[in-house]
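A short worksheet on the structure shown next.
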Amino acid sequence: MKKQAMLHRIRCFPESRRRRSGQVLLIGTVAGTMLFGMVGLGLDVGYVYYQKRKVQSAADAAAIAAILEMSRSPAGNYVQAGRDDAKLNGFENGVGGVTTDLTTPPAGGPHAGNPQYVEAVVTKDVKTYFLGLLNLSAMRVTAKAEARLGPGTSCVYLMDPSQEDQFRVAGTFSATCGLMANSNSSKALDLNSGSATASGFYTNGRYVGSFNPTPLINQPRVPDPLAYLQPPTFPAANYYGVNVTDSTPLNPGVYHGGIPVAAGVRANFNPGIYVLNGGGLVTSGGPTSFLSGIGVSFYFTARQPVPSPPTGFNTSIVNTPGRFLLNGEGGFDLRAPTTGEMAGILFFQDRNPANQAGPFDVQGTNTTRIEGVVYIPGSDFLYQNQTGNTAEYTIIVSKSLRLDGSSPNLVIRNDYSSLANGSPLRAVPVLTR
């Protein structure tokens, strides 16, 4: 009897092990399936989120392109302009589950019915991979953007359409506003070394380096935001062949032959408009060299009439376009007028290419304060100063901006509270979303 019971127990052992093995296999299968599903869900959700960001960039670009088309021609096809730029960002209307719709005024939201705004809506059906096992083969992603024309959030506009290294940094760049580069180059923005921080970086092309934040690429080009500016009224006073060799204050007027400043001299400018007819504004450097002027504006031109030139004055000097050059170890504190026809305008370059020279070059190791607009759309802007920029606001419109040399440091702010009419920027596209 005992022997039979023992044999029964022995026969039960394999049967029990088989039951336990089956349970383990079942649990393992269920756990593996759940783990696979969780990993798959994470991958699909991550991919959809990635596509969402791309769709948002396309919607932003479409809204900007549409409002620009409307500003150029009220009868223009703003819908097609928006769809073209969404396509440049990888989302073509009617292809691959993409729809791009543009309307003005917006039908809903805080700007509903306002004809100053255009709304872009980009939708894409994003294919899933693992979620397809749960009969969810695609997820719809939608992004909206609204745009209008206004002062804008950028304060640096680089206008050349194809220049490589249009914005190049080999030092430190920091701005409380944005930067727009119109170049379509694959290296329109080049962070050679150092750091570059702003509220946003935008380019018609692409970039190299780690910007903060990451630049938006393939953005529509922005037209000249200061195209409305007119050359200043020329002052009545005329000066011929001036050479600044001491600190005697200079007065507003037309300076035929420009204003060269001798080495080590502190040049002081009384408030007003200074027209530089050839020659430009050039310092010869030195640690004590400094330019100082509050409420001043400089117009760089050439080939203007020379009334009643004094005996011995070589009038051909006005045929040589001038530029701004702060040489060597100097510095400057120049601030634009806060009222009047040149309110906010510090440097204004003649738009006629024959009257332009460049680059405008800021060197030096002393303090700099560039308070106002540097409007030089036909010239490059080279900044090599190491001390930053203490101005409350600075706006740059140039062909390019390059921070080169030994540890250059440029700080740009956008506090326009000192200007009676606010920012001089008038008609640039502004995203409102």
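The values are calculated or read from the model by the stated rules, or taken from the named source; none is laboratory data. Since the model is a prediction, treat every value here as computed from it, not as a measurement. Cβ sites come from the backbone with ideal geometry, for glycine too, and all protein chains shown count toward neighbours.
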- By residue number, the members of region 392-405 that are in contact (Cβ under 8 Å) with a residue 60 or more places away in the chain and in contact with a Ser or Thr (Cβ under 9 Å, 6 or more places away or on another chain) are 393, 395, 398, 399, 400, 403
- Give me a count of the residues in region 242-286 that are farther than 19 Å from residue 336 by Cβ and surrounded by fewer than 23 Cβ atoms within 10 Å (Cβ to Cβ). 17
- Task: Among what's in region 149-167 and is in contact with a Phe, Trp or Tyr (Cβ under 9 Å, 6 or more places away or on another chain) and surrounded by 21 or more Cβ atoms within 10 Å (Cβ to Cβ), pick the residue that is farthest from residue 114 (Cα to Cα).
- Result: 167
- Of the residues in region 262-299, how many are touching a Pro at 6+ places or on another chain (Cβ under 9 Å), more than 21 Å from residue 229 (Cα to Cα) and among the aromatic types (Phe, Trp, Tyr)? 1
- Counting residues that are at pLDDT below 95 and aromatic (Phe, Trp, Tyr), which strands (runs of 3 or more DSSP E) fully inside region 164-225 reach at least 1? 200-203
- Condition test on residue 170, is it farther than 30 Å from residue 307 by Cβ and buried (at least 20 other Cβ atoms within 10 Å of the Cβ)? no
- Task: Specify which of the listed residues (366, 409, 414) is surrounded by fewer than 23 Cβ atoms within 10 Å (Cβ to Cβ) and over 29 Å from residue 263 (Cβ atoms).
- Result: 414
